[in-house]
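The values are calculated or read from the model by the stated rules, or taken from the named source; none is laboratory data. Please read these numbers as outputs of a predicted model, since none were measured by experiment. Ideal geometry is used to build each Cβ from the backbone, glycine not excepted, and the neighbour counts take in all protein chains shown.
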Amino acid sequence: MQKLSVNPVYNISPFTLLDYPDKTACIIWFAGCNMKCPYCYNPEIVSGKGKISYFETLKFIISRKGLLDGVVFSGGECTMHKNMDLFAAAVKKLGMLVKIDTNGSNPAMVRRLIENQHVDYVALDFKATASKYAKVTRSARFRQFAETFDILNRSSIPFEVRTTVHSELLSTADLQEMINYLSDRRYRGTYYLQNIVHNTTTLGNIQRSAPIDLSALRSETIDIVIRN
């Protein structure tokens, strides 16, 4: 249990009805990220240090048992934290559901969570096309994203794919290319498009996005949903 004494958690949101589909949950905000997306609205979490240990976090979750259906692991990037899978196992032992929000940069962790049945739902961020991935994320991790997507797509775990849309970063043609990427790999879930949040500070202090015509996007096999 010494492995759970480190402080990976930046903050905890005690209740949400929005972040785990059809479930009541709390959100565990993991500090740090291996990407630097300019539209990120959690710059203090991405750049900050963890303040709360796994032990303290688990104590809080125990206090919510019977009141919540599940726990959302978000951030930051939760899968970059060593022993996160052990923490997920501890949450599952409480009889609670686990959802992770991930950029897909750690396929080995995602595979381990699935194989050990320590995750129940995954939200996977599809940041950009392969050619624009470095520009959008300030990283070179498209290959890892692709591997994570394939792991999820072959599994029986419910998962969604989502993209944050900004006119300076992605065009309508880029988004259609991303839809085709998913379709070619026989993804049959919902593809969520999310407009950038402009009412808060972002990591790159990005300018307001110009309107993008999303009505032209097409897929015969994938449901495309605009979330905001």
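Points worth noting:
- When each of Gly104, Gly70, Gly95 is tested for being touching a helix residue (DSSP H, G or I) at 6+ places or on another chain (Cβ under 8 Å) and of a type outside the set (Asp, Glu), the lone residue that passes is Gly104.
- Within region 137-151, residues that are under 8 Å from Ser105 (Cα atoms) have Cβ atoms under 6 Å from residues that are buried (at least 18 other Cβ atoms within 10 Å of the Cβ) and of a type outside the set (Phe, Trp, Tyr) in these pairs: Arg141/Ser105; Gln144/Ser105; Gln144/Pro107; Phe145/Gly104; Thr148/Gly104; Thr148/Pro107; Thr148/Val110, counting only partners at least 6 apart in sequence or on another chain.
- Boolean, Leu182 is closer than 27 Å to Leu94 by Cβ, touching a Phe, Trp or Tyr at 6+ places or on another chain (Cβ under 7 Å) and free of Cβ contacts under 8 Å to residues at least 60 places away in the same chain: no
- Residues of region 117-139 that are under 16 Å from Glu168 (Cα atoms) and either in a helix (DSSP H, G or I) or polar (S, T, N, Q) (or both): Thr129, Ser131, Tyr133, Ala134, Lys135, Val136, Thr137.
- Here Pro38 meets the list (1) in contact with a Leu (Cβ under 9 Å, 6 or more places away or on another chain); (2) over 17 Å from Val119 (Cα atoms); (3) modelled with pLDDT of 95 or more; (4) buried (at least 17 other Cβ atoms within 10 Å of the Cβ) almost entirely, failing just condition (3).
- Residues satisfying the stated conditions in region 183-207, i.e. of a type in the set (S, T, N, Q) and not in a helix (DSSP H, G or I): Thr190, Gln194, Asn195, Asn199, Thr200, Thr201, Thr202, Asn205, Gln207
- Meets criteria (of a type in the set (D, E, K, R), crowded, with 21+ Cβ neighbours inside 10 Å and at negative phi) for Lys127: yes
- Among the conditions (1) crowded, with 20+ Cβ neighbours inside 10 Å; (2) assigned to a helix (DSSP H, G or I), Leu86 misses just one, which is (1).
- Test result for Ile196, surrounded by 15 or more Cβ atoms within 10 Å (Cβ to Cβ) and farther than 20 Å from Lys132 by Cα: no
- Among residues of region 208-220 that are assigned to a loop (DSSP other than H, G, I, E, B), those with a Cβ under 8 angstrom from a residue that is modelled with pLDDT under 80, sequence gap 6+ or separate chain, pair up as Arg208/His198; Ser209/His198.
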